[in-house]
1. Using only alpha-carbon positions, what ratio does the radius of gyration of the range 15-133 give when scaled by 2.2 N^0.38 Å?
2. If we count other beta carbons within 10 Å of each Cβ, what is the order of 54, 46, fewest first?
3. On a full-extension model of 0.36 nm per residue, what is the gain between residue 57 and residue 12, subtracting their alpha-carbon distance, rounded to one decimal in nm?
4. What is the chain's relative contact order, in percent, from Cα pairs under 8 angstrom and six or more apart in sequence?
5. Looking at the chain, what % of its DSSP beta bridges pair antiparallel, to the nearest 5?
6. Please compute, for the alpha-carbon atoms of the range 1-70, the extent along each of the three principal axes and give them in descending order in Å.
7. Distance in nm between label sites at residue 33 and residue 64, each 7 Å beyond Cα in the beta-carbon direction?
8. Take the alpha-carbon centre of the range 77-118, take the same for the range 19-44, and report the distance between them in whole Å.
């Protein structure tokens with residue numbers, strides 16, 4: 001695969017996520033890992049970034065329950081939006097599905113499970129989500 005195919009981009013990130021593949025951005029120089037694509041490493045300023053696969057496993061480190069949702073999410077309310085610390089270290093914001101709002105807790109183990117976009121309206125990319133392990 002040509003090197004340019006490995007370069008992280010937001011389109012590739014969400015394209016792979018919609019197929020159930022969570023990828024992290026990793027700096028080839030300092031090995032720092034990031035949950036979302038970067039073209040420059042914030043740690044060492046290298047431009048040698050690439051995608052690496054994530055296990056998709058992690059734990060909830062913070063969350064909130066959304067009762068008044070934006071357009072496109074009304075059918076989900078109330079729903080949980082959480083920050084998940086992935087096994088590899090980076091943190092990622094996503095929906096927490098399969099958990100009742102009153103049963104969510106910090107430290108709960110979850111795994112990646114993207115939801116494909118259902119319409120051509122915003123958001124057109126997969127929704128990043130997690131379910132209990």
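Any read-out appearing in this document is the output of simple, stated calculations on the displayed coordinates, not a laboratory observation. Model, not experiment: these values are computed from the prediction. Note: ideal-geometry Cβ built from the backbone for every residue, glycine included; neighbour counts use all protein chains shown.
1. Computed over Cα atoms of the range 15-133, the ratio equals 1.12.
2. Lowest to highest Cβ neighbour count: 46, 54.
3. Computed gain between residue 57 and residue 12 is 14.2 nm.
4. 22 percent
5. 95 percent
6. Over the range 1-70, Cα extents along the principal axes are 44, 26, 24 Å.
7. 2.7 nm
8. 20 Å
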